[in-house]
Structure formats: structure tokens, C-alpha cells
Amino acid sequence: MDEPQACPDETPVIRTIAMPSDTNPEGDIFGGWLMSQMDLAGATVAFRLARGRCATVAVDGMTFLSPVSVGDEVSLFARPSRVGRTSIQVEVEAWRRRRDSEAMNKVTEGRFTYVAIDAGRRPRPVNPEG
């Protein structure tokens, strides 16, 4: 059984439901599906900070702590952890809630790095204040 954990006290960037089309042949949700949801959440935060287009350049430190099942509500929490001249690091956590419970359990977390890019897809400065 999962240990109780303290879910982040903030609004998730994304909340979605895991569907049958997101499963592997054993009926478990693909790790790649979950990672893509995390990338979407992190990119949303990066886009806001950079005020424009960003490209994912790295994902670090992902460990899958518990499985996600069909029908689980998945909440993605994301917050910036570092802003450089052209890059933004975002810490992303994925939490799940089973349909028959109010308890939330952390599924995984990871650090996503994005680079702000211009119309020619070249790095451009991030200016979070301007």
C-alpha cells in the first residue's frame, strides 16, 4: 500500500485522466505518456517565464515511484528552479488520485530544462522581468 504523502499546496499546471489508449500490453500506463504530460507542464511554465517559444533540451532525475492505472486522475505540478541567460530549469511532480479515493500519491518527479528560442529556432535570452 502507498504511504500517505503531502501533495503540493498549489494548483496543478495540468490535470488529466489516464485512458486505455495510454497503456502498454499489460494494462499499465506507459512511462512515456506520463513523461510527455510532465514535459507539457514544464514547458507551460517555461513559456510563461520566457514569454515565448522554448525547446526541451534535457530531462534529469526521473524515478517512477508507483504505477498509474486507467481512470486515475493525474495532476502535474511544475515550478521553476533556475533561470539562466537562455535556459530555464523546471521541477515537475506527477501525482495520481484513484477514482475511488481522495488520497493523492506521488508517481514521479523530474527536472526538465528548456531553452528559449527565436523564430529561427536559435537560443535567445530569457528576460523574466521585461
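Values quoted throughout were computed directly from the atomic coordinates according to the rules given, and no laboratory measurement underlies them. These numbers were taken from a predicted model, which means no experiment stands behind them. With ideal geometry, Cβ positions are generated from the backbone for all residues, glycine too; neighbour counts draw on all protein chains shown.
Computed values, structure above
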{"read-out": "Lys/Arg +1, Asp/Glu -1 at C-beta; the range 14-116 dipole; positive extreme among Thr23, Leu76, Cys54", "value": "Cys54"}
{"read-out": "From the coordinates shown, Rg/Rh (Cα atoms, Kirkwood Rh) corresponds to which of [x] 0.96; [y] 0.94; [z] 1.02", "value": "[z]"}
{"read-out": "Fraction of beta bridges assigned by DSSP in the range 44-108 that are antiparallel (%, nearest 5)", "value": "100 percent"}
{"read-out": "For the range 14-116, size of Cβ-based charge dipole, Lys and Arg +1, Asp and Glu -1, in debye", "value": "640 debye"}
{"read-out": "Nonlocal amide H pairs with Leu65, under 5 Å, H built at 1.01 Å", "value": "Thr108"}
{"read-out": "Average Cα contact separation per residue, the chain, under 8 Å, 6 or more apart, as relative contact order %", "value": "30 percent"}
{"read-out": "Share, in percent, of DSSP beta bridges within the chain that are antiparallel, nearest 5", "value": "100 percent"}
